[in-house]
1. Inside the stretch 65-92, can you point out the residues that are free of Cβ contacts under 8 Å to residues at least 24 places away in the same chain and either β-branched (Val, Ile, Thr) or under 15 Å from residue 49 (Cβ atoms) (or both)?
2. Considering only residues that are surrounded by fewer than 16 Cβ atoms within 10 Å (Cβ to Cβ) and farther than 16 Å from residue 56 by Cβ, which ones fall in the stretch 66-94?
3. Please go through the stretch 39-72 and pick out each residue that is small (Gly, Ala, Ser), within 13 Å of the chain's Cα centre (by Cα) and within 13 Å of residue 98 (Cα to Cα).
4. Do we have any residue at all in the stretch 67-87 that's assigned to a loop (DSSP other than H, G, I, E, B) and of a type in the set (Phe, Trp, Tyr)?
5. Consider only pairs whose beta carbons are under 7 Å apart and that are at least six residues apart or on different chains; among these, list those whose first residue lies in the stretch 107-123 and is closer than 14 Å to residue 73 by Cα and whose second residue is in a helix (DSSP H, G or I) and among the small types (Gly, Ala, Ser).
6. For the stretch 57-74, does any single residue satisfy the condition of being of a type in the set (Lys, Arg) and closer than 16 Å to residue 104 by Cα?
7. Name the one entry in 63, 7 that is of a type in the set (Val, Ile, Thr), modelled with pLDDT of 90 or more and at negative phi.
8. Among the residues of the stretch 112-124, is any among the charged types (D, E, K, R), loosely packed, with under 15 Cβ neighbours inside 10 Å, within 24 Å of residue 42 (Cα to Cα) and out of contact with any strand residue (DSSP E or B) (no Cβ under 6 Å at 6 or more places or on another chain)?
Amino acid sequence: MSGGTTIATGLICSFRNGFSAKRDRAMRPQRPARLAELEGIPELEFTADARDLASRFLAESAIPAKSLDDAIHVAIATVNGMDFLATWNCWHIVNAQIMKRLVRIARGAGYSLPILCTPEQLMGN
């Protein structure tokens, strides 16, 4: 799937239900506007294949165990054949050392990892 914009179901759930307590307090006033911006964007489902790949990302120490949501985010994009995954998460996703491990694990599972980048990198700014 390429050429359009999609969003992972898990990310929409995060917008609806909140993030961590500290982050949620900061984002709560923005939640309705952010959800409105997502209207009409197709959602990528969290399938059994994505769950299995996320488990591999965690088991093989590509992403820390405490960052299950990050592993799921990358796995959903990977299993659905996305060309890019734009995120501001430079700790566990847009990180050269972690990306190297993610590529190896994804290939081993028969997938091609999307290009992981920040929104700024994706837009060329």
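1. 71
2. Residues satisfying the conditions are 66, 81, 83, 84, 88, 90, 91.
3. 67, 71
4. Looking for residues that are assigned to a loop (DSSP other than H, G, I, E, B) and of a type in the set (Phe, Trp, Tyr), one finds none in the stretch 67-87, hence no.
5. 113/106; 114/77
6. Checking the stretch 57-74: not a single residue is of a type in the set (Lys, Arg) and closer than 16 Å to residue 104 by Cα.
7. Step by step, each of 63, 7 is checked, and only 63 is of a type in the set (Val, Ile, Thr), modelled with pLDDT of 90 or more and at negative phi.
8. The answer is yes, given that some residue of the stretch 112-124 is among the charged types (D, E, K, R), loosely packed, with under 15 Cβ neighbours inside 10 Å, within 24 Å of residue 42 (Cα to Cα) and out of contact with any strand residue (DSSP E or B) (no Cβ under 6 Å at 6 or more places or on another chain).
The values are calculated or read from the model by the stated rules, or taken from the named source; none is laboratory data. Here the structure is a predicted model, which means the values were calculated and not measured. A quick note on method: Cβ atoms are made from the backbone with ideal geometry, for glycine too, and the neighbour counts reach across all protein chains shown.
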